[in-house]
Amino acid sequence: KEGARKGRMVSRPPLSPNEAQLYRKWFAELAGPDARIPGKQAATFLAKSSLPNPQLRSIWDECDTACTGSIDEGAFYLAMRLISLAQNNQTPTAAFCATLPAPP
């Protein structure tokens, strides 16, 4: 499983201007000097979504494709979109996000 994910690039999902502004703000608050969010800090933030831990783990796996234990800005945006999908009872996968149309 890990080998299949390793090295796959994470692209930013299509976001509305409001989503992009909010996600940029959160990323700036959480990211370290290397422009990445460490796993433990991300886990604490993502847990605020109230999604079950196994679902959050699956979302993390979709976003930390290089298995570094941290995520960059694009991966963070993807995590936020996947969480939003899960909270709206949709299947949270990166492949599903890729099928979404860009916002107006």
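The values are calculated or read from the model by the stated rules, or taken from the named source; none is laboratory data. Keep in mind that this is a model prediction, so the values were computed, not measured. With ideal geometry, Cβ positions are generated from the backbone for all residues, glycine too; neighbour counts draw on all protein chains shown. When the accessible area is computed, the model is the full protein with side chains, heavy atoms only, and any ligands, DNA or RNA have been set aside. Shrake-Rupley method; radii C 1.70, N 1.55, O 1.52, S 1.80 Å.
In the set (1) surrounded by 15 or more Cβ atoms within 10 Å (Cβ to Cβ); (2) over 18 Å from Glu19 (Cα atoms), the condition left unmet by Phe76 is number (2).
Would you list the helices (runs of 4 or more DSSP H) that sit entirely within the chain and hold 1 or more residues that are at pLDDT below 85, of a type in the set (Val, Ile, Thr) and more than 12 Å from the chain's Cα centre (by Cα)? Where helices (runs of 4 or more DSSP H) fall fully within the chain, none carries at least 1 residues being at pLDDT below 85, of a type in the set (Val, Ile, Thr) and more than 12 Å from the chain's Cα centre (by Cα). Thr68 passes every criterion in (1) open to solvent by 30 Å² or more (accessible area, probe 1.4 Å); (2) closer than 16 Å to Ala86 by Cβ; (3) β-branched (Val, Ile, Thr) apart from (2).
Output the number of residues of region 41-53 satisfying the condition of being open to solvent by 80 Å² or more (accessible area, probe 1.4 Å) and over 12 Å from Ala86 (Cα atoms). Residues in region 41-53 being open to solvent by 80 Å² or more (accessible area, probe 1.4 Å) and over 12 Å from Ala86 (Cα atoms): 3 in total.
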